[in-house]
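Enquirer: The structure under discussion is supplied below as C-alpha cells; questions concerning it will follow.
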Amino acid sequence: MKHAGRGAEVEEDARVFHRIRRRAKEPSEAQRQFAELHAQLQGQVPPGFGVPAPEPPSVEPAAVVDDFLPPELRVPSHDQIEGKMMPWKQPLVLDGELAACIECGAYRDWLILSTRGEIWLRCRAGHQQLETRIDTAWYNRHSGPADLTHANFEDCLRHLGH
C-alpha cells in the first residue's frame, strides 16, 4: 500500500512542476510592460547625445608658491639630518643586562644616538660604543619629539649638557 500512495504523490508532484514550467515559459506582467516600454523608446535618442561638448572656459594657471611655511618653522626631513639623540638618565637595562661603558664603567646618564640605522651610547665622559641590542624602532618608541635642530654634533652635545 505504501507504494500506491507514493505513486500518487509522485504524480501530483509532476503536475505541479508541469504547471510551474508552463508559467515560466509565459512572460510575466512586468516583463510584458518592459517589452512595451522598450518598443516605444526604440530609435529615440536622448537630447544632447552625439553633440560635441562645449569647450570649458579658459582658466589662468595658479601662481606657483614656494611653500606656505616660513623657513624658521620648517622641520627638516629625515634625509636632511645626520642623526638624532636623546638623554637617558637612568640605568639602561638591555636583555636583562645593565649597559655599561666599556672604557670607564659608567652605567647611567647616557646619550643615545640614532644615526644611519645604528644606535650608539655615549657616556658622560665622552666614550661612545655601538649598541646592537637596540634598534631604530626602539629609539623611536622611547624618544620624545625633537625640540631643536642643531647645525653640528657639538652644538647638540652642549644643548643636552654633555
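The values are calculated or read from the model by the stated rules, or taken from the named source; none is laboratory data. Note that this is a predicted model, so its numbers are computed, not measured. Virtual Cβ from ideal backbone geometry, glycine too; neighbours counted across all protein chains shown.
Enquirer: Restricting region 73-111 to residues that are touching a Phe, Trp or Tyr at 6+ places or on another chain (Cβ under 9 Å) and of a type in the set (D, E), which is nearest to D155 (Cα to Cα)?
Expert: E82
Enquirer: Looking only at region 57-99, which residues are assigned to a loop (DSSP other than H, G, I, E, B) and of a type in the set (K, R)?
Expert: Selection gives R74, K89.
Enquirer: Only one residue in A35, A100 is within 28 Å of L160 (Cβ to Cβ) and surrounded by 10 or more Cβ atoms within 10 Å (Cβ to Cβ). Which one?
Expert: A100
Enquirer: Would you be able to say whether some residue in region 93-108 is among the hydroxyl-bearing types (S, T, Y), assigned by TED's automatic domain parsing to the domain that holds S143 and under 35 Å from the mean Cα position of the chain (by Cα)? Give the steps one after another, and end with the answer.
Expert: Restricting attention to region 93-108, the residues satisfying the condition of being among the hydroxyl-bearing types (S, T, Y) are 107.
Subset that is assigned by TED's automatic domain parsing to the domain that holds S143: 107.
Among the residues that remain, those that are also under 35 Å from the mean Cα position of the chain (by Cα) are: none.
No, that holds for no residue.
Enquirer: Give region 13-56 a look and list any residue that's assigned to a helix (DSSP H, G or I) and aliphatic (A, V, I, L, M), or say none. Quick ask: steps written out before the conclusion?
Expert: Just the residues of region 13-56 that are assigned to a helix (DSSP H, G or I), to begin with: 13-25, 29-41.
Scanning region 13-56 gives A14, V16, I20, A24, A30, A35, L37, A39, L41.
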